[in-house]
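Enquirer: My questions all concern the structure below.
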Amino acid sequence: MKRVLKIVGIVLVVILLAVIALPFLINVNSFRPKLESELSTALGREVKVGNLSLSILSGSVAAEDLSISDDPAYSKELFIRAKDLKVGVEVMPLILSKTLHVTDITLDKPEIALLRDASGKWNFSSLGGKSEAAKPAPASSGSPSTANLSVSKLDVKDGRLSVNRANSSIKPHVYDNVNISVRDFSLTSQFPYTITADLPAGGSAKLDGKAGPINATDVSASPLQAQVHIKGLDLTASGFVDPSTGIAGVADFDGTLNSDGKMAQTNGTLKADKLKLAVKGTPAGRPLEVKYATDYDMQKQGGTLTQGNVTMGKALAKLTGTYQSQGESTVLNMKLNADGMPVDDLQAMLPALGIILPSGSSLQGGTLSVNVGIVGPVDKLVITGPIRLAQTKLAGFNLASKMSAISALSGAQTGSDTSIQNLSTDARVAPEGVNTKNINLTIPALGTVTGDGTISPGGALSYKMNANLSGGAVTGLTQLAGIGGKGGSIPFFIQGTTSDPKFMPDVKGMLNGQLKGGLGGLLGGATSGKSPTGNSAVDALGGLFGKKKKQ
């Protein structure tokens, strides 16, 4: 028995010595030119591999350095740089016939640079194609063709991914802790994959799905299926939105992506918090949710938004239309339709749109309806169409304090709130400002106000309005000016800013038309028995706006 154990021990020692000695007997670096050649042929890029070492126990070949050149049309820098590369190999073919059969590849802490040109093409699109930079050595007659390249396991661990525009001097957007796991990789068949990454400014992303077969002409046109889960995506820090558009916020997304290489369909739910939609806007006070579906033509780089249900609380708006990439910008041609959205649910979105109400005021109650078109580049959108606000009130805004004689115009005080029965206008919102036409505002305590005006990008107001008094307002005016039962019409301007509007009498308008011929005479006759004059009319009506004519 002791003799048997001794023999077994000797055999084990011999085997162990052989295992230890084999890496020294096999010059694994002799395979480096072939490895570089086959990788260069497969990728269509020049591939360089550093010093190789062999581990018989783990059945792997390790390289100290790996570099893959970029498409020269995008950059002269490297596409991928990694300090460590581990290649799993079949040990027996390597020992007996010095044949290299790759079973798995692991890339540790690589740096990957993704670049996009003005036409929307990525630098990885040409991977696998022919490249002058690669210059691979001719494959031997016994070597498998590139088309038959397959790897059981392909892993990228703790990588860093930078995304930028080609030939750009701006700072790239960087994604850290990138991990990619691919199983049964083949150029000619479908294979499963998982990708995870940390997003810029926090957040995480995960894609699970299948890809392939690889398109030999354009890798980006390869079929792809994915379940997408994104948490805490900073829209500007991630590079998804150009900061110049004024759009910002943090979003979560859950959805699917399906592409046949020509058309891509995506759908899912996007939840955005701290959303800002205008350059001068401030983050919204509550989250916004979008359920959407879109078809995207990868060759034309344009698509159709077939579903876009935008909700905030109980407020629902529907967005549909088309979008098209044009160079560095995206051009929209869409429609936004919403009927009877509760104002209370929309209140928190007004700051995000850059809408500033008079200081200390807020909209309460009622509904908002819109039917607008949204066209142009994302950073220069033009929004046009009718807008209607109904049965609401501007709480904290005392109209009587802006028109000092409002209590005389109406039998009831407006108090600290201004009730609005109806407000409708045809609006045009553009980078150069807001233009509102055909304004029709019904205030029960006053009557109907009509007119047109503009709001500058800085919030300056320039409105020419006309107040048509009715109901109790006529009675008050009778007490003030002795009109009797006739209705009154007062022209005025709204100036100042959206946060501090100023109501000014339209002197020229008062001296012309109906006020000059009728009310002006009555007011003039009521002043100390003197003959009516234009000045006395202006003095009396100017008081409605807290303005006295200077002596």
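The values are calculated or read from the model by the stated rules, or taken from the named source; none is laboratory data. A quick note: this is a predicted structure, and the numbers were derived from the prediction, not measured. Positions of Cβ are backbone-derived with ideal geometry, glycine not excepted, and every protein chain shown enters the neighbour counts. Surface areas here come from the heavy atoms of the whole protein model, side chains and all, with no ligands, DNA or RNA. Shrake-Rupley method; radii C 1.70, N 1.55, O 1.52, S 1.80 Å.
Enquirer: Taking the condition of a type in the set (S, T, N, Q), at pLDDT 95 or above and crowded, with 18+ Cβ neighbours inside 10 Å, does S259 pass? Spell out the reasoning first.
Expert: Working: of a type in the set (S, T, N, Q): yes; at pLDDT 95 or above: yes; crowded, with 18+ Cβ neighbours inside 10 Å: yes.
Answer is yes for this residue.
Enquirer: With N371, N337, N309 as the choices, which residue is part of a strand (DSSP E or B), in contact (Cβ under 8 Å) with a residue 12 or more places away in the chain, in contact with a Phe, Trp or Tyr (Cβ under 9 Å, 6 or more places away or on another chain) and at negative phi? Outline the logic, then answer.
Expert: Values: N371 fails: in contact with a Phe, Trp or Tyr (Cβ under 9 Å, 6 or more places away or on another chain); N337 fails: in contact with a Phe, Trp or Tyr (Cβ under 9 Å, 6 or more places away or on another chain).
Result: N309 is the single residue among N371, N337, N309 that is part of a strand (DSSP E or B), in contact (Cβ under 8 Å) with a residue 12 or more places away in the chain, in contact with a Phe, Trp or Tyr (Cβ under 9 Å, 6 or more places away or on another chain) and at negative phi.
Enquirer: I've got another one for you. Quick one: count up the residues across the range 280-289 that are of a type outside the set (S, T, N, Q) and in contact with a helix residue (DSSP H, G or I) (Cβ under 8 Å, 6 or more places away or on another chain). Don't jump to the end; show me each part of the working.
Expert: If we filter the range 280-289 for residues that are of a type outside the set (S, T, N, Q), which is where we start, we get 280-281, 283-289.
Right, trim to in contact with a helix residue (DSSP H, G or I) (Cβ under 8 Å, 6 or more places away or on another chain) and you get 281, 283-286, 288.
The qualifying residues number 6.
Enquirer: Going by the structure shown, is K393 at pLDDT below 95, touching a Ser or Thr at 6+ places or on another chain (Cβ under 7 Å) and of a type outside the set (G, A, S)?
Expert: Details: at pLDDT below 95: yes; touching a Ser or Thr at 6+ places or on another chain (Cβ under 7 Å): yes; of a type outside the set (G, A, S): yes.
Yes, satisfied.
Enquirer: Considering S238, S244, which residue is under 30 Å from G458 (Cα atoms), in contact (Cβ under 8 Å) with a residue 40 or more places away in the chain, among the small types (G, A, S) and open to solvent by less than 50 Å² (accessible area, probe 1.4 Å)? Give the steps one after another, and end with the answer.
Expert: Details: S244 fails: open to solvent by less than 50 Å² (accessible area, probe 1.4 Å).
Just one listed residue meets the conditions, S238.
Enquirer: Also, quick follow-up: Across the range 10-51, which residue is surrounded by the most Cβ atoms within 10 Å (Cβ to Cβ) among those that are outside any helix (DSSP H, G or I) and either modelled with pLDDT under 80 or of a type in the set (G, A, S) (or both)?
Expert: Narrowing the range 10-51 to residues outside any helix (DSSP H, G or I): 26-27, 44-51.
Next, from what is left, pick out any that are either modelled with pLDDT under 80 or of a type in the set (G, A, S) (or both): 26-27, 44, 50.
Values: I26: 15, N27: 12, G44: 22, G50: 16.
Among those residues, the one meeting the criterion is G44.
Enquirer: Hey, another quick one. Are any residues in the range 152-203 surrounded by 15 or more Cβ atoms within 10 Å (Cβ to Cβ), over 24 Å from S75 (Cα atoms) and of a type in the set (G, A, S), and if so, which ones?
Expert: Hits for the range 152-203 are S181, S186, A197, G203.
Enquirer: Right, here's the next one. Name the single residue that is modelled with the lowest pLDDT among those in the range 438-471 being more than 17 Å from L423 (Cα to Cα) and open to solvent by less than 40 Å² (accessible area, probe 1.4 Å).
Expert: Among residues in the range 438-471 that are more than 17 Å from L423 (Cα to Cα) and open to solvent by less than 40 Å² (accessible area, probe 1.4 Å), the one modelled with the lowest pLDDT is G459.
For (1) under 23 Å from G239 (Cα atoms); (2) open to solvent by 50 Å² or more (accessible area, probe 1.4 Å); (3) over 16 Å from the mean Cα position of the chain (by Cα), each residue gets a yes or a no:
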| position | (1), (2), (3) |
| --- | --- |
| A264 | yes, no, yes |
| L275 | yes, no, no |
| A278 | yes, no, no |
| K291 | yes, yes, no |
| D295 | yes, yes, yes |
| M312 | no, no, yes |
| V331 | yes, no, no |
| G340 | no, no, yes |
| L350 | no, no, yes |
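Enquirer: Next up: Cβ-Cβ distance below 9 Å, separation of 6 or more or different chains: which pairs start in the range 423-434 with a residue that is within 20 Å of T450 (Cα to Cα) and end on one that is among the basic types (K, R) and in a strand (DSSP E or B)?
Expert: Listed by first residue and then by second, the contacts come to L423/R388; S424/R388; T425/R388; T425/K437; D426/K437; A427/K437; R428/K437; V434/R428.
Enquirer: May I ask you to say which residue of L85, L54 is out of contact with any Gly (no Cβ under 6 Å at 6 or more places or on another chain), open to solvent by less than 30 Å² (accessible area, probe 1.4 Å), at pLDDT 75 or above and assigned to a strand (DSSP E or B)?
Expert: Values: L54 fails: at pLDDT 75 or above.
Testing whether each residue is out of contact with any Gly (no Cβ under 6 Å at 6 or more places or on another chain), open to solvent by less than 30 Å² (accessible area, probe 1.4 Å), at pLDDT 75 or above and assigned to a strand (DSSP E or B) leaves just L85.
Enquirer: Now a separate question. How many of the residues in the range 415-425 are of a type outside the set (A, V, I, L, M), open to solvent by less than 70 Å² (accessible area, probe 1.4 Å) and out of contact with any Phe, Trp or Tyr (no Cβ under 9 Å at 6 or more places or on another chain)? Before you say what the answer is, go through the steps one by one.
Expert: Initially, the range 415-425 is screened for residues of a type outside the set (A, V, I, L, M), giving 415-419, 421-422, 424-425.
Keeping just the survivors that are open to solvent by less than 70 Å² (accessible area, probe 1.4 Å) gives 415, 417-419, 422, 424-425.
Remaining after also requiring out of contact with any Phe, Trp or Tyr (no Cβ under 9 Å at 6 or more places or on another chain): 415, 419, 422, 424-425.
Final tally of qualifying residues: 5.
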